[in-house]
Amino acid sequence: MSKKRLFVKGNEAIALGALAAGCKCYFGYPITPQNDIPEFMSRELPKKGGAFVQAESEVAAANMLLGAVSAGIRAMTSSSSPGISLKQEAISYMAGSELPGVIVNMNRGGPGLGDIGPSQGDYFQATKGGGHGDYRLLVLGPGTVQEAYDLTIKAFDLAFKYKNPVMILGDAILGQMKEPITPWEPEVPEKEAKEWCLEGAKGRPPRVIKSLYLEDGALAKHNLKLAQKYAEMKKEILFEEFLTQDASLIVVAYGSIGRIVKSTIRTLRKQGHKVGLFRPITLYPFPSEALQVLAKEGKKFLTIEHNLGQMVEDVQLAVCPYAQTDFHGHLPGNLPTPNDFEEPIIKALEK
Amino acid sequence: MTEKIMFPKPQVLANRPTHYCPGCHHGLAHKLVAQVLEELKLPEKTICVGSIGCSVFIYNYLLLDTIEAPHGRAPAVATGVKRARPDKFVFTYQGDGDLAAIGLAEIMHCANRGERVSVVFVNNTIYGMTGGQMAPTTLVGQKTTTCPGGRCKDREGEPFKMAEIIGSLGGTAYAARTALNDIKNIQKTKKAIKLAFRAQLEDKGFGFVEILSSCPTNWKMTPLQANERIAKEMIPYFPLGEFKNTLGE
Ligand SMILES: Cc1ncc(C[n+]2csc(CCOP(=O)(O)OP(=O)(O)O)c2C)c(N)n1
């Protein structure tokens, strides 16, 4: 285990995490603010005997990922919002075909071309399926550069554990922010896909990886199997609670916003305000039960997001009927600072 | 007189009737692919990338490890498979709507990169599976359900000549067009499939074979009339032959 500290951007931490996790193929298409990932991979992956392909589009990149993981290897694609929309067809096929692709979205402002600054406008797309059909991704929302590294490693493990695509949902803040990290080398299972991957039908019947189920009742059965898998994923729920115990107001925020809110909470605590932070780390499955426990204790809630209100719907579902959540949406176009959140938090607290 | 079976059934071809319409050439194309795979001793190391079209159930007929690619994306999926496992033999099997319309970007770039994969392209000048709509390969004047008055050159453009286009790309090692309308052309098709596969096996580059095929149902013809149409209407516009061959044969 290496104990060396590195000072890197979130994007680089994700690329480093992927390499440590044994990622063998990377497919991507340039888009700001995640270009450090393909640039890093084009340089480093071939040194490790892996393959880097700059695809002709995000559509192609996601389909290359579909092909690569069907062969049972660890592989990844990354992009930012407009590109992630283009990947949805293949992501839906991966969900339907039960394939372990890892997809990184460094969320930028939208809709449409939007801007290239940070945003959490893709929360719905990431956590409610995103493409067509009845499916979910495992979605991880790192808040720090170290967490970006750690959760990237986790993404590969979870993808293969559940044979399901996993999305890492970051944003332009996380991608561009430089922080010290301590990289570590996980144990990478060698033959984790031996039982199902495609490698030529030698000495066994052929394997078919598909999402088409036409026979009577077959798709219903497949959908139920997927639903059961999604229910099992609840075991993986992760969140951070910060000074929630004696708090009268819980601020719910994820990703880089969660991390910025944490600083606001520290400041407000010093001023004697009883506020705490609840930061979901798995965005799907969502930590609803933990939030409900806090709601039952009679706490107030404020959801803060870098959009006009998406996760707030999941928070509201989790805390009702014991509580309501207020909402504060930070608009795109500028980087929020801890100061920006003081007023809305105090307002919600005094309500 | 002894009978000689020209095309014995290969092991890798499943022993079951196909869902294809009478006179459809997909079944014959499958069989030729199966024969070539066996002659090159490939089935145990092959990963087939299926496409969306009438051949979507290819895995029911070719007993191979198979992945279903989204409509048009088979060349991208094949790229992923091959980059993940360069030691395997990887081929796609695609229709003309799949390859030359929605999947045009994927096929062009896959060929241009010189991916070590092979593509079997079945051109029946129509969207078969969805019920006979206009394809990018539909001949000028040909009637389909979405060009009921016949394809109009000024409105819909002229049909894509994919074998020539793919043959013009640097990454392509082999590109040819053949047909399945008679025994001679069937034998030539088999030869071309073999060369398209060998382009990959010998690490020369991308291998491509376009096969002019019939779709009697959507052409509203008998199988016999459909075969005649290939000779009379298709081959004059889509000339048969090799457009690139760097295999030295
Ligand atoms: C994204 C998407 N668009 C459209 C379809 C519908 N669709 C299925 S098959 C097909 C056309 C197939 O035609 P072709 O590739 O010529 O193959 P054929 O059926 O003639 O063998 C279409 C449009 C689809 N499955 N997915």
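Summary of values
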read-out: Matching entry among B:Arg85, B:Arg151 (being more than 18 Å from the chain's Cα centre (by Cα), surrounded by 19 or more Cβ atoms within 10 Å (Cβ to Cβ) and facing chain A (nearest Cβ under 10 Å)); value: B:Arg85
read-out: Qualifying residue in the range B:17-30 (condition: in a strand (DSSP E or B) and buried (at least 24 other Cβ atoms within 10 Å of the Cβ)); value: no
read-out: Residue check, B:Glu44 open to solvent by 10 Å² or more (accessible area, probe 1.4 Å), within 22 Å of B:Lys188 (Cβ to Cβ), among the charged types (D, E, K, R) and part of a helix (DSSP H, G or I); value: no
read-out: Filter pass, B:Val90 being touching a residue at least 24 places away in the same chain (Cβ under 8 Å), open to solvent by less than 10 Å² (accessible area, probe 1.4 Å), more than 8 Å from every other protein chain (Cβ to nearest Cβ) and away from the ligand (no atom under 16 Å from the Cβ); value: yes
read-out: Among residues of the range A:225-236, those that are open to solvent by less than 50 Å² (accessible area, probe 1.4 Å) and under 29 Å from A:Ser256 (Cβ atoms), counted; value: 3
read-out: Number of the condition not met by B:Asp65 [criteria: (1) within 23 Å of B:Gln200 (Cα to Cα); (2) at pLDDT 95 or above; (3) open to solvent by 50 Å² or more (accessible area, probe 1.4 Å)]; value: (3)
read-out: Test: A:Ala55 is free of Cβ contacts under 8 Å to residues at least 40 places away in the same chain and within 11 Å of chain B (Cβ to nearest Cβ); value: yes
read-out: Selected residue (criterion: nearest to B:Ala101 (Cα to Cα)) from residues of the range B:58-87 that are within 11 Å of the ligand (Cβ to nearest atom) and of a type in the set (A, V, I, L, M, F, W, C); value: B:Ala74
read-out: Qualifying residues in the range A:31-87 (those that are part of a helix (DSSP H, G or I) and basic (Lys, Arg)) - the one nearest to A:Lys161 (Cα to Cα); value: A:Lys87
read-out: Leading residue by the ranking (farthest from B:Gln200 (Cα to Cα)) among those in the range B:101-114 that are more than 8 Å from chain A (Cβ to nearest Cβ) and surrounded by 24 or more Cβ atoms within 10 Å (Cβ to Cβ); value: B:Gly103
read-out: Long-range neighbours under 6 Å by Cβ, at least six apart or interchain, first residue within 14 Å of chain B (Cβ to nearest Cβ) within the range A:97-115, second in a strand (DSSP E or B) and surrounded by 24 or more Cβ atoms within 10 Å (Cβ to Cβ); value: A:Ser97/A:Ile209; A:Val102/A:Met76; A:Val102/A:Val166; A:Ile103/A:Thr77; A:Ile103/A:Met167
read-out: Matching option when the condition is free of Cβ contacts under 8 Å to residues at least 24 places away in the same chain, in the same structural domain as A:Leu140 (by TED's automatic domain parsing) and either open to solvent by 20 Å² or more (accessible area, probe 1.4 Å) or under 22 Å from B:Pro70 (Cβ atoms) (or both), among A:Pro46, A:Pro30, A:Pro82; value: A:Pro46
read-out: Total residues in the range B:117-145, condition crowded, with 24+ Cβ neighbours inside 10 Å and either part of a loop (DSSP other than H, G, I, E, B) or near the ligand (Cβ under 9 Å from one of its atoms) (or both); value: 11
read-out: Verdict on B:Leu180 being within 12 Å of the ligand (Cβ to nearest atom), under 26 Å from B:Phe89 (Cβ atoms), touching a strand residue (DSSP E or B) at 6+ places or on another chain (Cβ under 8 Å) and not aromatic (Phe, Trp, Tyr); value: no
read-out: Lone unmet requirement of (1) closer than 20 Å to B:Val33 by Cα; (2) within 16 Å of the ligand (Cβ to nearest atom) for B:Ala105; value: (1)
read-out: Strands (runs of 3 or more DSSP E) enclosed by the range B:162-249 - at least 2 residues per element that are of a type in the set (D, E, K, R); value: B:241-245
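The values are calculated or read from the model by the stated rules, or taken from the named source; none is laboratory data. If you're wondering where the values come from, they're calculated on a predicted model, not measured in any experiment. Note: ideal-geometry Cβ built from the backbone for every residue, glycine included; neighbour counts use all protein chains shown. Side chains included, ligands, DNA and RNA excluded: accessible areas come from the protein's heavy atoms. Shrake-Rupley method; radii C 1.70, N 1.55, O 1.52, S 1.80 Å.
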